[in-house]
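Down below is the structure, laid out as structure tokens.
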Amino acid sequence: MLINSYNCDCDYECNAKRFKRNFKNWTSGNNNIDKFIQDTQLLEHNYYEVHNALEWIPYDKLYDIKYITEDNKFGKVYRANWIDGCIDIWDHENKNWGREDQNMFVILKILNNPSSITLEFINKIAVPHEIAVPHKVFGITQDPETKNYMMVSNINKCGICYATCNSMCFQRNFENWTSGNNDIDKFIQDIQLLDHDNANEALEWISYDRLYNVKYIAEDNKFGKVYRANWIDGYIY
């Protein structure tokens with residue numbers, strides 16, 4: 001375990017001092033990661049609020065971990081729920097960190113090369129791209145089975161909208177349906193991920209049992225037989 005020798009010059013009890021006192025109580029098992037997390041914590045000189053500090057997040061504090069997509073930079077990307085939620089302020093009454101958003105949704109991205117972790121690296125990964133991704137990185141965890149270190153990031157706000165938009169809501173529901181065909185699944189998902197405000201423009205997978213009174217009506221040159229039906233649920237709007 002690495003203990004940072006930095007000494008704070010604040011003439012009051014700041015968050016950096018509180019974080020430093022706790023260094024002895026956790027380790028990632030990797031000195032580079034320990035130092036990186038500690039360095040972000042030692043920049044927190046506010047009295048109450050915590051803004052940009054990362055933390056070591058034990059893997060057993062995450063649950064319902066599920067694969068959601070493939071990322072060009074990191075490979076497989078997972079989503080999970082974080083039991084504790086993120087650090088918000090110092091709780092003077094309980095002498096501990098006050099937290100918010102318990103059981104929040106988070107994104108997990110694998111770090112293939114822990115020695116390359118820098119603030120510049122964090123800034124590069126916390127930008128929006130083809131999936132709705134976060135801007136806020138909370139910390140780092142490690143899968144005890146694969147030994148992979150993983151970045152834990154915010155999934156509550158879209159990297160494009162900076163809000164919980166339709167794209168985010170659609171993404172959270174990906175695990176609950178499938179067409180049985182990967183190409184069709186991806187096509188529907190890609191359209192849903194482009195929908196940040198007008199849900200009626202997104203496609204969805206419609207279970208056949210949600211249709212009734214299905215009847216043949218005509219022959220089409222492109223598709224062959226064409227049917228009409230009633231749709232129980234109606235479209236999303």
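Just a few scattered comments:
- Residue list for region 192-225, restricted to those being under 19 Å from W177 (Cα atoms) and of a type in the set (F, W, Y): W205, Y208
- In the set (1) more than 22 Å from M151 (Cα to Cα); (2) surrounded by fewer than 15 Cβ atoms within 10 Å (Cβ to Cβ); (3) in the same structural domain as N148 (by TED's automatic domain parsing); (4) not acidic (D, E), the condition left unmet by N7 is number (3).
- Helices (runs of 4 or more DSSP H) fully within region 90-199 that include at least 3 residues being at pLDDT below 85 and within 29 Å of K17 (Cβ to Cβ): 119-125.
- So E70, is it more than 14 Å from V137 (Cβ to Cβ) and buried (at least 20 other Cβ atoms within 10 Å of the Cβ): no
- One residue alone among Y227, Y235 is touching a strand residue (DSSP E or B) at 6+ places or on another chain (Cβ under 7 Å) and either over 25 Å from M168 (Cα atoms) or part of a loop (DSSP other than H, G, I, E, B) (or both), and that residue is Y227.
- Matching residues in region 186-213 - criterion: being of a type in the set (D, E, K, R) and touching a residue at least 12 places away in the same chain (Cβ under 8 Å): D195, D197, E204, R210
- Extreme residue, farthest from E70 (Cα to Cα), among residues of region 179-214 that are among the polar types (S, T, N, Q) and more than 23 Å from the chain's Cα centre (by Cα): N213
- Matching residues in region 200-225 - criterion: being surrounded by 11 or more Cβ atoms within 10 Å (Cβ to Cβ), modelled with pLDDT of 95 or more and aliphatic (A, V, I, L, M): I206, L211
- Pick from region 167-184, criterion over 23 Å from Y237 (Cβ atoms) and charged (D, E, K, R), ranking: surrounded by the fewest Cβ atoms within 10 Å (Cβ to Cβ): D183
The values are calculated or read from the model by the stated rules, or taken from the named source; none is laboratory data. Bear in mind that the values here come from a model prediction, so they are computed numbers and not experimental data. Please note: Cβ atoms are built from the backbone with ideal geometry, for glycine as well, and neighbour counts cover all protein chains shown.
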